[in-house]
Each structure stands twice: as C-alpha cells, then as structure tokens.
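Colleague: Sharing a structure here in structure tokens format.
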Amino acid sequence: MGMTVIDPGILTTVQDAGRTGCMDSGFSPSGALDGFSFRLANILLSNPPGLAALEMTLSGASFLFDEKAAAVLAGADMKPLLNGRPIAMNRAFCLEKGDILHTGFAVSGVRAYLAVAGGFAVKEVLGSCSTNLKARIGGFEGRALKSADRIPFRGFPGGFSADGFFPDTEKRYFPPEASPFPIRAAYEQGDPLALHVVQGPQASYFSGEGMETFYGSVYTVTADSDRMGVRFTGPQVASKNGTDIVSDGIALGAIQVPGSGKPIVLLNDRQTTGGYAKIGAVITGDLWKLAQAAPGSAVRFVRISHAEAEKRYRETGRMLRRLEKKYR
C-alpha cells in the first residue's frame, strides 16, 4: 500500500540526499537539487534528514492515496489541492485512504518536494535511493514516474497518535518569512539573483577583462538547463589562451566556461570529470536558490572568500538543526 500516480507531471523523480563515494566509478551523486526545501520537508515530518522524497519539476503531479499518510510539500509553489481544496506549502497535512493530491504548474520557482512521514519504500542502489536518469539506476526503476505507478510507503515512524497522525500535524509549518534567507525572492523573477562564488582552480586561465565581465555582468538562465547543469546567456567571458584543460574532477556548483565563453554551473547529475576551465564554484548555500531559478531568470555572480563561504554554510546548518530540534 502507498499511493498511485494519476499524472506524473513533466518530470517527477525519487531523490534523497545523494549518492556519495561513487564518483571515482563514474556515477554522479544525483539527489535533490534544492537541498534546503528537500530537508525542510523531511524536518516538518520528523523524518531523517536524507530520507527520499519526490522531486517535481515545473509542473506538479497528481496522486491517489491508497492508505492514510502525513505529508509535506516544500519548494516551488505549485498551488496544491487536496480533494479539490487548496492546502498550504511548507505545512504538514493528513491524508486518508482515497484522497487525491494534485499539484499544478509552479507559479514561483521550479522544483517542489513531496515527502511522506516514514518515507517511500524504494530500494537503495549504491547507497542511495536517488534516481540517476542517465545511468537508469535508483529511485523507481531508475526512471521518472509514469501514470499508474504505485509507490509504497515504509510505514509510520514513532511519535504518532492513535489515529496514525502526529498530534500536532497542522502546527508543523515553516513560514518563508521566518527564514533568515530570502526564500521567496529566490523563487521569483525580478532583481538578479546573487550567486556567491569562490575562486576556481583554473581562474588564472581568464584575462583580467574576462574576470571583470564574469563578476560585473548579468546572466540569464536558459531553457536548456537541467539537473546536470544550468546554462546561461550573457556576455562572453574572455580567456587568455582558451579554456581546454586536461580533464579533472568536478565539484558540485563548479562553474565551467567552454569555448563559447558562456558559463555553466554544474549540479547534482553532472559528469564526474570535465575538460573545461573552472572559473569558480557557487557556494553550497546558494545552490538551492539556483535550483529554483526558472528559465529567463537573471543572476549575477558575487565573489567571496572561502572563509565567508564556510561561515554561510555553518549558519545554514545551525538554522536547520534548530528547526530539526523543534520537531524531534
């Protein structure tokens, strides 16, 4: 028992915190692109931080619940409906057998996450439940969800009342304005989204003019961006003698500049090695914002020190741990 897919939307996959320790074998980490919203959904259900959830892209999916459940939707606002009635994002809610959950097109942001209390019963592959579409492993049969797929639940964890729900389910809510980070602004188009960058290993490949262009220009997210990476249009970043290098490892958030001079930020499904110079890397604390930047969104790159990047990482971690403590 669990739930049945009525409409899978444009792209809905099972994702968890990612597949670690496999890049040397050529497997990318995969995992939830918006790590903040993914973790928030699990926190509100008292799930372990990395428990698998469903990642929906641009348009949501519809599901028929074959048994009762507690769930949370976090991330891009897809105007969810439970049995035709609006429900809130970032708030835990209860479902009974026969209930239908519908999510529509994102009105802000790109990706939303559906988590259920106790998690989905999908098998781990190489230590992770994340779907790797290129390798066709993990998640639900290594692919995106289709209509009529039946996804089982693991079962309710401890802490539930006699009727199978948390006693305080409706109070499990995280208002965006409670966060010290600009969640709502990150989902909406308007002023350019600031992406903080630490210097990359091949920064010396770029001329002074190229560096000024990169940090002083506004770039636009293109429609051919995906889980592998985000591509941009905008001014060409000039190099000294080209950007081809001997292939080396690629970290999450690495910013490659190919021969076109247009930067590419590499994400969870990136190739494990690459042969283009990396001018920098977007810090972990900003990658969830980039994951929610729709095609046409404007961004600018802001250089910061490694010390400042580490400070921001620790601040985000402390905030999430405080929230976890609240619901444990």
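The values are calculated or read from the model by the stated rules, or taken from the named source; none is laboratory data. Predicted model, so just to flag it, every value in this text is computed and none were measured. No Cβ is skipped: glycine too gets one built from the backbone with ideal geometry, and neighbour counts run over all protein chains shown.
Colleague: Any residue at all in segment 300-309 that is closer than 22 Å to R227 by Cβ and of a type in the set (A, V, I, L, M, F, W, C)? Spell out how you get there, then give the answer.
Modeller: Narrowing segment 300-309 to residues closer than 22 Å to R227 by Cβ: 301.
Still in the list and also of a type in the set (A, V, I, L, M, F, W, C): 301.
Scanning segment 300-309 turns up at least one residue that is closer than 22 Å to R227 by Cβ and of a type in the set (A, V, I, L, M, F, W, C).
Colleague: For segment 64-90, which residues satisfy the criterion of being charged (D, E, K, R) and more than 21 Å from A291 (Cα to Cα)?
Modeller: Listed by number, the residues that qualify are D66, E67, K68, R85.
Colleague: Run N241 past the list (1) in contact with a helix residue (DSSP H, G or I) (Cβ under 9 Å, 6 or more places away or on another chain); (2) surrounded by 13 or more Cβ atoms within 10 Å (Cβ to Cβ) and report the number of the one that doesn't hold.
Modeller: That leaves (2) as the condition not met.
Colleague: Scanning for something in a loop (DSSP other than H, G, I, E, B) and buried (at least 21 other Cβ atoms within 10 Å of the Cβ), does segment 58-69 turn up at least one residue?
Modeller: Residues of segment 58-69 in a loop (DSSP other than H, G, I, E, B): 58, 60-61, 66-68.
Still in the list and also buried (at least 21 other Cβ atoms within 10 Å of the Cβ): 60-61.
Looking for residues that are in a loop (DSSP other than H, G, I, E, B) and buried (at least 21 other Cβ atoms within 10 Å of the Cβ), one finds at least one in segment 58-69, hence yes.
Colleague: Report whether or not R39 is farther than 17 Å from A135 by Cβ and among the basic types (K, R).
Modeller: On the way: farther than 17 Å from A135 by Cβ: yes; among the basic types (K, R): yes.
Answer is yes for this residue.
Colleague: Among (1) within 23 Å of S59 (Cα to Cα); (2) modelled with pLDDT of 95 or more, which single condition is K289 missing?
Modeller: (2)
Colleague: A further question follows. Among the residues of segment 277-285, is any surrounded by fewer than 16 Cβ atoms within 10 Å (Cβ to Cβ) and either in a loop (DSSP other than H, G, I, E, B) or under 22 Å from the mean Cα position of the chain (by Cα) (or both)?
Modeller: Scanning segment 277-285 turns up no residue that is surrounded by fewer than 16 Cβ atoms within 10 Å (Cβ to Cβ) and either in a loop (DSSP other than H, G, I, E, B) or under 22 Å from the mean Cα position of the chain (by Cα) (or both).
Colleague: Could you check segment 1-40 and list, in sequence order, the residues that are aliphatic (A, V, I, L, M), at pLDDT below 95 and closer than 24 Å to G155 by Cα?
Modeller: Hits for segment 1-40 are M1, L40.
Colleague: Since M78 meets every condition but one in (1) crowded, with 24+ Cβ neighbours inside 10 Å; (2) in contact with a helix residue (DSSP H, G or I) (Cβ under 8 Å, 6 or more places away or on another chain), which condition does it not meet?
Modeller: Every condition holds for M78 apart from (2).
Colleague: Taking S147 as the residue in question, decide whether it is in a loop (DSSP other than H, G, I, E, B) and either touching a His at 6+ places or on another chain (Cβ under 6 Å) or at pLDDT 95 or above (or both).
Modeller: The answer is yes for S147.
Colleague: Take P157 and tell me if it is modelled with pLDDT of 90 or more and either surrounded by fewer than 19 Cβ atoms within 10 Å (Cβ to Cβ) or assigned to a strand (DSSP E or B) (or both). Give the derivation first.
Modeller: Values: modelled with pLDDT of 90 or more: no; either surrounded by fewer than 19 Cβ atoms within 10 Å (Cβ to Cβ) or assigned to a strand (DSSP E or B) (or both): yes.
Against the criterion (modelled with pLDDT of 90 or more and either surrounded by fewer than 19 Cβ atoms within 10 Å (Cβ to Cβ) or assigned to a strand (DSSP E or B) (or both)), P157 does not qualify.
Colleague: Please work out if L54 is surrounded by 24 or more Cβ atoms within 10 Å (Cβ to Cβ), within 12 Å of the chain's Cα centre (by Cα), in a loop (DSSP other than H, G, I, E, B) and on the phi < 0 side of the Ramachandran plot.
Modeller: Criteria not met by L54.
Colleague: Mind checking whether some residue in segment 294-305 is under 26 Å from C22 (Cα atoms) and touching a Phe, Trp or Tyr at 6+ places or on another chain (Cβ under 6 Å)? Give the steps one after another, and end with the answer.
Modeller: We begin by selecting, within segment 294-305, every residue under 26 Å from C22 (Cα atoms); these are none.
Scanning segment 294-305 turns up no residue that is under 26 Å from C22 (Cα atoms) and touching a Phe, Trp or Tyr at 6+ places or on another chain (Cβ under 6 Å).
Colleague: Specify which of the listed residues (R300, R270) is assigned by TED's automatic domain parsing to the domain that holds D191, in contact (Cβ under 8 Å) with a residue 40 or more places away in the chain and not in a strand (DSSP E or B).
Modeller: Only one candidate qualifies: R270.
Colleague: How about segment 78-95: which of its residues are of a type outside the set (A, V, I, L, M) and either in a loop (DSSP other than H, G, I, E, B) or touching a His at 6+ places or on another chain (Cβ under 9 Å) (or both)?
Modeller: Correct list: K79, P80, N83, G84, N90.
Colleague: Taking the stated definitions as given, is S62 in contact with a strand residue (DSSP E or B) (Cβ under 9 Å, 6 or more places away or on another chain) and among the hydroxyl-bearing types (S, T, Y)? Can you show your working first?
Modeller: Details: in contact with a strand residue (DSSP E or B) (Cβ under 9 Å, 6 or more places away or on another chain): yes; among the hydroxyl-bearing types (S, T, Y): yes.
Against the criterion (in contact with a strand residue (DSSP E or B) (Cβ under 9 Å, 6 or more places away or on another chain) and among the hydroxyl-bearing types (S, T, Y)), S62 qualifies.
Colleague: Considering only residues that are assigned to a strand (DSSP E or B) and surrounded by fewer than 21 Cβ atoms within 10 Å (Cβ to Cβ), look in segment 96-139 and name the one that is modelled with the lowest pLDDT.
Modeller: For segment 96-139, the residue satisfying everything is S108.
Colleague: Being hydroxyl-bearing (S, T, Y) and part of a strand (DSSP E or B) is the filter; apply it to segment 218-267 and report the residue that is nearest to S28 (Cα to Cα).
Modeller: S247
Colleague: Does V198 satisfy the criteria of being modelled with pLDDT of 65 or more, in the same structural domain as P263 (by TED's automatic domain parsing), in contact with a strand residue (DSSP E or B) (Cβ under 7 Å, 6 or more places away or on another chain) and surrounded by fewer than 16 Cβ atoms within 10 Å (Cβ to Cβ)? Talk me through it step by step, then tell me what you get.
Modeller: Values: modelled with pLDDT of 65 or more: yes; in the same structural domain as P263 (by TED's automatic domain parsing): yes; in contact with a strand residue (DSSP E or B) (Cβ under 7 Å, 6 or more places away or on another chain): yes; surrounded by fewer than 16 Cβ atoms within 10 Å (Cβ to Cβ): no.
When the stated conditions are applied, V198 does not pass them.
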